[in-house]
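Each remark here refers to the structure printed beneath this line.
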Amino acid sequence: MPVDVDARLAAIGLMLPGAPAPAANYVPYAIAGGLVFISGQAPVRDGQYVATGRVGAEVTLEAAQAAARLCGLNILAQVKAAAGGDWSRVKRCVRICGYVSSAPDFFEQPKVLDGCSDLMVQALGDAGRHSRSALGVIALRGNVPVVLDAIFELGG
Amino acid sequence: MPVDVDARLAAIGLMLPGAPAPAANYVPYAIAGGLVFISGQAPVRDGQYVATGRVGAEVTLEAAQAAARLCGLNILAQVKAAAGGDWSRVKRCVRICGYVSSAPDFFEQPKVLDGCSDLMVQALGDAGRHSRSALGVIALRGNVPVVLDAIFELGG
Amino acid sequence: MPVDVDARLAAIGLMLPGAPAPAANYVPYAIAGGLVFISGQAPVRDGQYVATGRVGAEVTLEAAQAAARLCGLNILAQVKAAAGGDWSRVKRCVRICGYVSSAPDFFEQPKVLDGCSDLMVQALGDAGRHSRSALGVIALRGNVPVVLDAIFELGG
């Protein structure tokens, strides 16, 4: 697991945002059994949704991939917070589950999630390679096109 | 983690039901690695669904929140059973995932889940604060408006 | 936990396939904290989807159950790979989550999942009894009728 995650992100022009606050009465992450469970992250930047609508209708595949990438950046911000800012405590990304708000004839949910999965490998190297599920849902909060949640393994 | 969960519920006029039986060939919970995984709980009371239909269509937000609260009560009943009736063995609520049967233009899934999340904090105090994901689905068993599953941490 | 899983499957006329490759940039399973998280498995045989369409529309309940059974067989193939081919390292099936691509008036998602749940008990005995959630989604990759993911407990 690389410990220079912020530098790796900077090298591809990205910077971790502040960890977004939850949308309601829950916490952004919870740690148990050596795992950290990250709450569903939306494509939020500076407190605003960057995209709304369904993929395959108002939202293109390319825009959805960019939104998934932003969800992934928010996941990484939460993971860093969960690890007290110390990347050496993060062992790996274990699991991503992706919810894609989909037009009825849109069947490329995995390609949407790749926007996040590629980021994880760019940021974390082999430790970013995770198990995954992708599903097409009828609606998400605020009409965003994608929400992603995650499980990471913590050490030390 | 408070151990007088039943008393805390009684103080707000609630009583844990018997732990509902699964709807098919599975078990209501499974324990592994210090975690208990609770099967999806529907808004069932005395073996009957208390609400049917989609949120934003036949079911109002308020009715959906009440249904989510009942799902949460059923989750707590399962957790108590998993802990052998001993609340001191329950360390915390780690994770809630909520599936909201949604009209296509209903985007307030987090508010529905608050019906359960608020209950967890009322029943368990800070140990009830959890990570969470909310998604809008096209259909659920028996046309119920919401199903919730959960992960809790067990000790001892 | 029985260690003659392949023989038990052969007795009911089934053979484990090769573990299917992921559909995109992720891994088929990830191990952490004594648990193995299996990526969403589709009804794939020899690299081809065996069914497409929504349950309750183009796909019957019976065909969906058969598809769920095939997803379950692919899950078992992944679990065997995760355990290095040694079934004695597999302690139990902890959790199945099932995503059923559903017509708007199809509400029998649990019956679809039974195709997989029954297989788990046939293959693993009591160690195959798991917690579970079932939801109806609007679309899945390649327009398949069902995708299932799973968590197993590993020992030794």
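The values are calculated or read from the model by the stated rules, or taken from the named source; none is laboratory data. The model shown is predicted, which means the values in this text are computed figures rather than measured ones. Cβ coordinates were reconstructed from backbone atoms using ideal geometry, including for glycine residues, and neighbour counts include every protein chain displayed.
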Looking at the range B:60-70, is at least one residue surrounded by 22 or more Cβ atoms within 10 Å (Cβ to Cβ), of a type outside the set (Ser, Thr, Tyr), away from every other protein chain (no Cβ under 14 Å) and within 19 Å of residue C:133 (Cα to Cα)? yes
Determine whether residue C:49 is of a type in the set (Phe, Trp, Tyr) and away from chain B (no Cβ under 14 Å). yes
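So that you can scan it fast, the table gives a plain yes or no per residue for (1) among the hydrophobic types (A, V, I, L, M, F, W, C); (2) out of contact with any Phe, Trp or Tyr (no Cβ under 7 Å at 6 or more places or on another chain):
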residue	(1), (2)
B:40	no, yes
B:47	no, yes
B:50	yes, yes
B:53	no, yes
B:57	yes, yes
B:63	yes, yes
B:66	yes, yes
B:75	yes, yes
B:78	no, no
Output the residues belonging to the range A:102-123 that are aliphatic (A, V, I, L, M) and within 13 Å of the chain's Cα centre (by Cα). A:112, A:113, A:119, A:120, A:121, A:123
Condition test on residue A:95, is it among the basic types (Lys, Arg) and not in a helix (DSSP H, G or I)? yes
Name the residues in the range C:1-33 that are in contact with an Asp or Glu (Cβ under 7 Å, 6 or more places away or on another chain) and at pLDDT 95 or above, would you? C:32
On the given criteria, is residue B:57 within 14 Å of chain C (Cβ to nearest Cβ), part of a loop (DSSP other than H, G, I, E, B) and over 16 Å from the mean Cα position of the chain (by Cα)? yes
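Quick grid of which residues meet (1) touching a Gly at 6+ places or on another chain (Cβ under 7 Å); (2) under 16 Å from residue A:75 (Cα atoms); (3) without any contact (Cβ under 8 Å) to a residue 40 or more places away in the chain:
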position: A:85; (1), (2), (3): no, yes, yes
position: A:92; (1), (2), (3): no, yes, no
position: A:95; (1), (2), (3): no, yes, no
position: A:103; (1), (2), (3): yes, no, no
position: A:111; (1), (2), (3): no, no, no
position: A:116; (1), (2), (3): yes, yes, no
position: A:121; (1), (2), (3): yes, yes, yes
position: A:127; (1), (2), (3): no, yes, no
position: A:141; (1), (2), (3): no, no, no
Restricted to the range A:79-97 and to residues being crowded, with 22+ Cβ neighbours inside 10 Å and away from chain C (no Cβ under 11 Å), the residue nearest to residue C:32 (Cα to Cα) is A:90
Could you please let me know if residue A:105 is surrounded by fewer than 21 Cβ atoms within 10 Å (Cβ to Cβ), out of contact with any Asp or Glu (no Cβ under 6 Å at 6 or more places or on another chain), farther than 23 Å from residue B:100 by Cα and not basic (Lys, Arg)? no
Being assigned to a loop (DSSP other than H, G, I, E, B) and either among the charged types (D, E, K, R) or away from chain C (no Cβ under 14 Å) (or both) is the filter here, so list the residues in the range B:6-42 that pass it. B:12, B:13, B:14, B:15, B:16, B:17, B:18
From the list C:66, C:57, exactly one residue is touching a residue at least 40 places away in the same chain (Cβ under 8 Å) and over 19 Å from residue C:97 (Cα atoms). Which is it? C:57
Can you tell me which residue within the range C:117-156, out of those that are surrounded by 20 or more Cβ atoms within 10 Å (Cβ to Cβ) and assigned to a loop (DSSP other than H, G, I, E, B), is farthest from the other protein chains (Cβ to nearest Cβ)? C:145
Yes/no for residue A:100 being part of a strand (DSSP E or B) and at the interface with another protein chain (Cβ under 10 Å from one of its Cβ atoms): yes
So, residue A:3, is that one surrounded by 21 or more Cβ atoms within 10 Å (Cβ to Cβ), over 12 Å from the mean Cα position of the chain (by Cα), in contact (Cβ under 8 Å) with a residue 24 or more places away in the chain and not in a helix (DSSP H, G or I) or not? no
Suppose the filter is modelled with pLDDT of 95 or more and in a helix (DSSP H, G or I); does residue C:114 pass it? yes
